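The structure appears right after this line, and notes come after that.
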Amino acid sequence: MIEIQSRPNIKMPEEKAQLFTQLYEEVFPKVAKFVANRGGTFADAKDIFHDALVVLYEKMLEEKEFESPENYLVGIAKHLWIRKFKDDHRMLALDDAERSISIPEDYYEPAENRIIAVLGLTGKKCLHLLRAFYYDDLSLEQIKTIFGFSTTRSASSQKFKCIEKIRNTIQEKSLGYEDFA
Amino acid sequence: MKTSHESKQIERYLFGKLNPASRLVFEARMLIDPMLRHHVENQRRVYAIVRQYGRRVVKSEVTRIHYQLFNDPAKEDFQSRIFELFTKK
């Protein structure tokens, strides 16, 4: 078991990287063993474990009290395996805690590759800003500091400008697609 | 209406933060205003895109850790423990 003295603050990049490294060493062998026993490859184990860490990260941002990331991670990995390989879940021994785990509903939405690629070229700053606020759940105060805004108010106003900018990009792109339809 | 006011309002609608009365008014406006409907749909996609992008960034951070652990000579025990699992007996 990993001894976590105080709960790491995963909003801090260093603490996040440290926790992920710790979990990698501690839990990846368990997930890899599970995947290997069911005929999966090293690459399968890696993919599933990486997705499981993403789901764990989101869960940790959501829930203030989080006792055992190790068990949770193994549980998510099993669910991801069932989903990915349409394995029969009745054949898997899931305990009660594992049964209660769920993968976010939107996790398997079609990837917005095209828009993200476009924004990667023309709107990276906005993507970073919106990710910090909506995905990494940073406060406007933190965002003000990280992005160098003078006030939280200007950070907030830039955030909405960015939403509109990306919204307009989507609009332009979808008009483009309709033209070809 | 000033756009940033509109996008704030759309956000409150999408995140379920409008009180029932404002929500009704907003939904009525959407019925008669196709432009607003478009904006709502596209803004919904903005949040989905940001989430997908966030997940990608986390995955790239994790991938970096993966390569560190699998290239660090000091982690040989860890590496062989994993590779043994995937070697056909």
- Message: Going residue by residue through region B:50-67, is there one that turns out to be over 22 Å from the mean Cα position of the chain (by Cα) and exposed (fewer than 12 other Cβ atoms within 10 Å of the Cβ)?
- Response: yes
- Query: Restricting to helices (runs of 4 or more DSSP H) lying wholly in chain B: which have 2 or more residues that are within 10 Å of another protein chain (Cβ to nearest Cβ) and without any contact (Cβ under 8 Å) to a residue 12 or more places away in the chain?
  - Reply: B:3-14, B:34-71, B:76-85
- All positions within region A:109-138 that are outside any helix (DSSP H, G or I), of a type in the set (A, V, I, L, M, F, W, C) and touching a residue at least 24 places away in the same chain (Cβ under 8 Å): A:Leu138
- With (1) hydrophobic (A, V, I, L, M, F, W, C); (2) away from chain B (no Cβ under 13 Å); (3) surrounded by fewer than 15 Cβ atoms within 10 Å (Cβ to Cβ) as the list, and A:Ile101 as the residue in question, which single condition is left unmet? (3)
- How many of the residues making up region A:106-148 are hydroxyl-bearing (Ser, Thr, Tyr) and at the interface with chain B (Cβ under 10 Å from one of its Cβ atoms)? 3
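Quick grid of which residues meet (1) assigned to a helix (DSSP H, G or I); (2) touching a residue at least 40 places away in the same chain (Cβ under 8 Å); (3) over 15 Å from A:Ile82 (Cα atoms):
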residue: A:Tyr24; (1), (2), (3): yes, no, yes
residue: A:Pro29; (1), (2), (3): yes, no, yes
residue: A:Ala32; (1), (2), (3): yes, no, no
residue: A:Gly40; (1), (2), (3): no, yes, no
residue: A:Ala43; (1), (2), (3): yes, no, yes
residue: A:Tyr57; (1), (2), (3): yes, yes, yes
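Would you check if there is a residue in region A:122-145 being hydrophobic (A, V, I, L, M, F, W, C) and exposed (fewer than 14 other Cβ atoms within 10 Å of the Cβ)?
no
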- Query: within 17 Å of A:Tyr24 (Cα to Cα) and either surrounded by 14 or more Cβ atoms within 10 Å (Cβ to Cβ) or not small (Gly, Ala, Ser) (or both): does that describe B:Phe86?
  - Reply: no
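Every residue, every condition in (1) among the hydrophobic types (A, V, I, L, M, F, W, C); (2) within 19 Å of the chain's Cα centre (by Cα); (3) modelled with pLDDT under 80, yes or no:
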| site | (1), (2), (3) |
| --- | --- |
| A:Phe66 | yes, yes, yes |
| A:Val74 | yes, yes, no |
| A:Trp81 | yes, yes, no |
| A:His89 | no, no, yes |
| A:Leu92 | yes, no, yes |
| A:Tyr107 | no, yes, no |
| A:Ile116 | yes, yes, no |
| A:Leu130 | yes, yes, no |
- Message: Being under 21 Å from the mean Cα position of the chain (by Cα) and within 30 Å of A:Lys11 (Cβ to Cβ) is true for just one of B:Phe15, B:Phe70. Which residue is that?
- Response: B:Phe15
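The values are calculated or read from the model by the stated rules, or taken from the named source; none is laboratory data. Nothing here was measured: the structure is a model prediction, and the numbers come from that model. Positions of Cβ are generated from backbone atoms using ideal geometry, with glycine treated the same way; all protein chains shown enter the neighbour counts.
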